Amino acid sequence: MGINRRDENTIYKPFDGVTQTVLTGKETGSKMLSVNQYELDPNSKSDYYEISNVEESLFVSDGQVEFRLGNNIFNASKGDAITAKKGQPHGFANAGKTNAIVLTVSPNIKVESSVVQEPEFVHETPNEGYFDRSKNEPYEFTPGVMRYDMVGDFLGAESTCISELICDPNGIAPNHYHPKHEESMYCLEGKLNFSYAEEDDIILSQGDMFTCEVAVRHGFYNGHKTTGRLLAIHSVLNPPPRIDVD
């Protein structure tokens, strides 16, 4: 499966002013995950929709985003996330004056989505399903690597785990594999060096996506002079089962 470089992915225009980039899915050979990036021009928005067969989690990669989740409508910032449960209507819009970027994640390569009628919204953040970055602190994952857990059972997810890893120069996440699920890793910022199967120095730059098959060795380290940020995406709940290897 391997790496999907930023400039090599499939691109769509699903809504006015919105560009969709396929990061992981059936188009890339995945069997377990659908991950898409949506770049929104100012004043653009998605439909209000529901997914009948699987949950969907959304992460704000950049900008200011207005989320519609159930009957709630509220603004979110870079680093925030939501989880829409199976059958729960939701949507997103650019709430700022510059472009915004949203990543969507579903633990299935077949996503059955349909547009639904918008209700009369209440302007407040919901009691569940919303990760507010400003109210959470990262923790040390390994020396030189800090971690935020944004999506998991604590957010109401049933089979999704999303974390952000912040890797200082010389920071390392040891090699491991997952015995029963894939992992997708998206480079949010900077550059990072990855091991994959028998290879030990694959470089990912901002916007690149790396998806690792079940039971295949992988890991990463920062061999560069600037901090790198990585989004780790799993199709299981937290903590994802893993086995450390050399």
**Q.** Top-ranked residue of the range 73-123 - restricted to ones that are surrounded by fewer than 19 Cβ atoms within 10 Å (Cβ to Cβ) and not in a loop (DSSP other than H, G, I, E, B), ranked as farthest from the chain's Cα centre (by Cα)
**A.** 122
Q: Could you grab me the full set of residues in the range 140-186 that are hydrophobic (A, V, I, L, M, F, W, C), over 25 Å from residue 53 (Cα atoms) and in contact (Cβ under 8 Å) with a residue 40 or more places away in the chain?
A: 165, 166, 167, 172, 173
Q. What number of residues within the range 62-72 are free of Cβ contacts under 8 Å to residues at least 40 places away in the same chain and either assigned to a loop (DSSP other than H, G, I, E, B) or more than 19 Å from residue 35 (Cβ to Cβ) (or both)?
A. 3
Q: Of the conditions (1) buried (at least 21 other Cβ atoms within 10 Å of the Cβ); (2) assigned to a loop (DSSP other than H, G, I, E, B), residue 53 clears all except one; give me its number.
A: (1)
(Q) Pairs please, first residue from the range 191-206 and free of Cβ contacts under 8 Å to residues at least 24 places away in the same chain, second anywhere and not in a strand (DSSP E or B), Cβ atoms under 7 Å, 6+ apart in sequence or on different chains. (A) 197/216; 197/217
Q: Can you give me the number of residues within the range 140-186 that are out of contact with any Ser or Thr (no Cβ under 6 Å at 6 or more places or on another chain) and basic (Lys, Arg)?
A: 1
Q | Of residues in the range 4-49 being among the hydroxyl-bearing types (Ser, Thr, Tyr) and not in a strand (DSSP E or B), the one surrounded by the fewest Cβ atoms within 10 Å (Cβ to Cβ) | A | 10
Q) Looking at the range 137-225, what strands (runs of 3 or more DSSP E) fall wholly within it and have at least 1 residues that are in contact with an Asp or Glu (Cβ under 9 Å, 6 or more places away or on another chain) and surrounded by 18 or more Cβ atoms within 10 Å (Cβ to Cβ)? A) 145-151, 161-167, 172-177, 183-189, 191-196, 209-212, 218-221
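All of the numbers you see were taken from the coordinates with simple rules; none came from a lab. On a predicted model such as this, the values are computed, not experimentally measured, just so you know. We place every Cβ from the backbone using ideal geometry, glycine too, and count neighbours over all the protein chains shown.
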